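Have a look at the structure below, then the notes.
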Amino acid sequence: MSEAFDAVEIIGAKRDNKELTDPQIDWVIDAYTKGFVADEQMSALLMAILLNGMNSREISRWTDAMINSGERMEWSMLDRKTVDKHSTGGVGDKITLPLAPLVAACGGAVPQLSGRGLGHTGGTLDKLESIPGWRASLSNAEMLEVIKSCGAVICAAGAGLAPADKKLYALRDVTGTVQAIPLIASSIMSKKIAEGTSALVLDVKTGSGAFMSDPKKASELARVMVDLGTRAGVKTRALVTAMDVPLGLTAGNALEVRESIEVLAGGGPEDVVELTLVLAREMLDAAGIKQLMDPADALKNGAAMDSWKKMIRAQGGDPDAKLPVAKEQVQIRADKDGTLSSMDAMSVGIGAWRLGAGRSKQGEKVSFGAGIEIHAKPGAKVNKGDVIYTLHADDSTRFDRAQNALQNSFLISQDGSVAPRLPLILEKIEG
Ligand code: URA
C-alpha cells in the first residue's frame, strides 16, 4: 500500500482542530483496516475526533470510507421494497422481534442485520438464540432465501460488511471513544447503507438507559444519521424515543422473546405494542410500500405471528419449543403501601446484566433464562408485600450484586406522586 500520508500528521491535524481532507480520511481508514496504521495511532486519532469533532463533510467521507472497506449488499432481485429499522439500544428493547415479521406481513421486505449485547444493553441476536435451534449466521445466499420466502430475516452481519467498523468499534470499546456523535453515526450508518436497504427508520433512544441520555444530544445524533442516510440515497427518518424506564415488563433474552410472542399474539405491554406499531407505520410509509393490511390488524389476526413462525423455522429454530427458564428465581416485594413512583432503566439494565443476561467481554456466553421480570410500572398502586419484580438467574450467587444495582431504582411514594417521565416519542426527524 502506498505511503501517501503519515498517520502522525493526520493525528496532529485533528489534535490541532483542523479539518481532515477527503484523501486523508480515505487513506487512514483503508490503511487501518489493512493493518498499516497501528491500534495506538488509530486510538489517538479517535480520541482527537471525540474531543474536537468533525464537520458534516468529514463525517460523510469517513462513513463512505468505512462502507468502501467491504461489500455492499443489493436487493433489486426482490419483488418487494426493502426497509429496515435500527435502534441505538436500550433496556428491554425487544422491538425488532415483533417488528420485522409485522412489517413483512404488511408487505415490506426487511433485511435486518443485528448485533449482540455488550454491557447493560441487550442484543437482538442473543435474544433470538434463546430459541432452540435458531441460527444467527447466514451466508448471503441463505439470507436471500429467507427474505424471499418470509419477507424478513434477522441475522448477524457477515465479515465482509464494513470490516473497518468491526475493527474500529472494538478499539473504541476499550479506549473510551464510543460516545462521539461522528463515530456513532458513521458506525451505524456505514453498516445500514452497506446492507443495501432502500429505506431506514432509526429509533434513537434517550434517557438514563440510552447511549445518549441527554435528549438534545440524541436529537443531534438522529439529525446527523438522517443526513448521512439521505445523502446516500436511503429514505431515512428517525424517531427520538424514551429510554428512562425499561420498555415493557422484561429485560433478559428468553424473557424478552416470550414478551415479543405475546405482542405477536395480539397482547403484550402497551408501550411495546405502541412503539412497534409507530415504527411499523413509519417503515411502511418511508419505503412507500402499498400496505397489504394495517399493522394493528396484522397483530390481531395472526398474520404477523405466521410471519414470525415462518422466519424462525427458516433459520433452523423451533417457534413452538419451550424457551429456557433460569434455574433460580427471587421475588422482590414492596416494603410499604403506596404508588410506584420511579424505575430507572440503567439500573434495570445493569441488574439484568449482573444476573447473566449480558456479557462483560466479547465472546462470553450469556444465560438465556436470566433477567428481570417487572410486575408494576411507575404510577401503579402497590400494597406492602406485593411482588414488584422477579430476578431470574442460573446461579444464585448473582442475586446480591443484581439487587445492589436495583434497590434504589424502584421507589414507592406514599403521597401518590410519580417522578416525571419522558413521553414515549419525543421527536421525529425526516430527511
Ligand atoms: N451501535 C453501533 O453499531 N455503533 C456505535 O457506535 C454505537 C451503537
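Note on the range 147-159: among residues that are away from the ligand (no atom under 15 Å from the Cβ) and of a type in the set (A, V, I, L, M, F, W, C), the one that is farthest from SER43 (Cα to Cα) is CYS150. Scanning the range 147-159 for residues that are touching a helix residue (DSSP H, G or I) at 6+ places or on another chain (Cβ under 7 Å) and assigned to a loop (DSSP other than H, G, I, E, B), we see that the one that is surrounded by the most Cβ atoms within 10 Å (Cβ to Cβ) is GLY151. Scanning the range 88-123 for residues that are polar (S, T, N, Q) and modelled with pLDDT of 95 or more turns up THR96, GLN112.
Only helices (runs of 4 or more DSSP H) wholly contained in the range 1-56 count here; list those with 2 or more residues that are over 29 Å from the mean Cα position of the chain (by Cα). I'd like the intermediate steps shown before the answer.
Details: elements: 7-15, 22-33, 39-52.
In the range 1-56, 7-15, 22-33 are the helices (runs of 4 or more DSSP H) which contain 2 or more residues that are over 29 Å from the mean Cα position of the chain (by Cα).
Scanning the range 210-236 for residues that are part of a strand (DSSP E or B) and more than 14 Å from the ligand (Cβ to nearest atom), which turns out surrounded by the fewest Cβ atoms within 10 Å (Cβ to Cβ)?
Taking the range 210-236 first, the residues part of a strand (DSSP E or B) are 212, 235-236.
Within this subset, residues satisfying the condition of being more than 14 Å from the ligand (Cβ to nearest atom) are 235-236.
Numbers: LYS235: 19, THR236: 27.
Step by step, filter the range 210-236, then rank; the result is LYS235.
Considering only helices (runs of 4 or more DSSP H) fully contained in the range 246-354, which possess at least 3 residues that are among the acidic types (Asp, Glu) and outside the structural domain of GLU364 (by TED's automatic domain parsing)? It would help to see each step written out before you state the result.
Working: elements: 253-264, 270-287, 295-300, 303-314, 345-352.
Filter on the range 246-354 gives 253-264, 270-287.
Considering only residues in the range 179-209 that are away from the ligand (no atom under 12 Å from the Cβ) and part of a loop (DSSP other than H, G, I, E, B), the one that is nearest to ARG61 (Cα to Cα) turns out to be GLY196.
Any residue that is touching a strand residue (DSSP E or B) at 6+ places or on another chain (Cβ under 6 Å) and in contact (Cβ under 8 Å) with a residue 60 or more places away in the chain - is there at least one of those in the range 267-277? For the range 267-277, residues touching a strand residue (DSSP E or B) at 6+ places or on another chain (Cβ under 6 Å) and in contact (Cβ under 8 Å) with a residue 60 or more places away in the chain: absent.
Got at least one residue in the range 137-146 being farther than 17 Å from SER114 by Cα, more than 10 Å from the ligand (Cβ to nearest atom) and not in a strand (DSSP E or B)? Working first, answer last.
Keep residues of the range 137-146 that are farther than 17 Å from SER114 by Cα, which gives 141, 145.
Filter again for more than 10 Å from the ligand (Cβ to nearest atom), leaving 141, 145.
Those left that are additionally not in a strand (DSSP E or B): 141, 145.
Yes, the range 137-146 has at least one match.
So which residues in the range 160-178 are assigned to a loop (DSSP other than H, G, I, E, B), more than 9 Å from the ligand (Cβ to nearest atom) and either over 20 Å from GLY229 (Cα atoms) or of a type in the set (D, E, K, R) (or both)?
If the condition is that a residue be assigned to a loop (DSSP other than H, G, I, E, B), more than 9 Å from the ligand (Cβ to nearest atom) and either over 20 Å from GLY229 (Cα atoms) or of a type in the set (D, E, K, R) (or both), then GLY160, VAL174, THR175, GLY176, THR177 are the ones that fit.
The values are calculated or read from the model by the stated rules, or taken from the named source; none is laboratory data. Computed from a prediction, not measured in an experiment: that's the story for all the values here. Here Cβ is always computed from backbone atoms with ideal geometry, including for glycine, and neighbour counts include all displayed protein chains.
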